[in-house]
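Chemist: Pasting a structure below so you can have a look.
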Amino acid sequence: MTLLDRLLPSRRRAREQEALRRAGAFRLTRRLLTEDVTALASLLGALPPLERAEGEHEDDLRARGDLTRRALEGYDRAVAALDGAVDPHVPEHVVLLDSVPALLDDARWAHAAAVAAAAGEPLPARRGSCFFDPRHGPASRSVSWAPEGGTPREVDVCLADAHRLDEDLAPDVRLVHVGGAGYVPWFQVATGSSAAGTSSGWASALDAVDVDTRTHAVMDQTIQQLPNSTRSR
């Protein structure tokens, strides 16, 4: 048997393992984004009615209506993209999944802006969602932060988590249940995100985080447990 003959089965196994890893990451990302969509739906259901409040100018009401529609339309687009992204082996489905975080980011900002407008407050700055948990809503500022044993990097965080860090308290990090590993930070198991690697929304912050070798062990456990035993809180 030649060296090439011996290498071919090894390469085939490596390709199969990589395909399995990407499929597992796709399903995990889809599950997390489905939970994000559900959380956003609850927020949108509690938006102030589009009725002119006492002292509110017509132009302000119109602007608030535009923000509300933007939030609802962004939510609808995110749902449609998520519904169409079901097969990790179909490139078009991977692209659809990759589009969801940015759609959710925009819808969350529009929701926060509509709430601020209804209260007569300044609109929030246009940022992405909180790195520690996108369900916290739009980030208020950037902070220097590092995972345990990692190098400090700039991440965008919500106001509540910014206050926690200012007080030397732990941020409210989204945790994901991974089989026998228990609950771990989402950024440890979402590395690679969809099969293509997401380029926008909450997953883009992964590029700025140092992930140690424990991540790969956790990700392997995640893949083995999918799709039945992963969940987040």
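Chemist: Convert each backbone phi in segment 53-66 into a coupling constant with the Karplus relation 6.51 cos²θ - 1.76 cosθ + 1.60 (shift: θ = phi - 60°), then list the ³J(HN,Hα) values in order as whole Hz, x for Gly and Pro.
Modeler: Calculated HN-Hα couplings, in order: 7, 4, x, 7, 6, 4, 5, 5, 5, 5, 5, 5, x, 4 Hz.
Chemist: Let me make sure I get this right: for segment 1-114, a, b and c are the square roots of the gyration tensor eigenvalues over alpha carbons, sorted descending. Under 1.5 in a/c it's rounded, otherwise prolate if a/b > b/c, else oblate. Which is it?
Modeler: Note, shape of segment 1-114 comes out prolate.
Chemist: Around Val157, with a cut-off of 11 angstrom between Cβ atoms, what is the net charge of the other residues, counting Lys and Arg +1 and Asp and Glu -1?
Modeler: Its environment carries a net charge of -3.
Chemist: Apply the a/c threshold of 1.5 to the C-alpha gyration tensor of segment 31-183 and tell me whether it is rounded, prolate or oblate.
Modeler: Here segment 31-183 falls in the oblate category.
Chemist: Next question. Between rounded, prolate and oblate, where does segment 88-153 land on the alpha carbon gyration tensor, with a ≥ b ≥ c its root eigenvalues, rounded for a/c under 1.5, else prolate if a/b exceeds b/c?
Modeler: Since a/c reaches 1.5 but b/c is at least a/b, the shape of segment 88-153 is classed as oblate.
Chemist: Now for a separate question. Do any trypsin sites (Lys or Arg not before Pro) in segment 78-165 lie in a loop, going by DSSP, with at most 13 other beta-carbon atoms within 10 Å of their beta carbon, and if so which?
Modeler: Sites meeting the loop and neighbour criteria: Arg126.
Quick note: the coordinates plus some simple rules give every number you see, no bench work behind them. Keep in mind that what you see is a predicted model, and the values were worked out from it rather than measured. Using ideal geometry, Cβ is built from the backbone for each residue, glycine included, and neighbour counts are taken over all protein chains shown.
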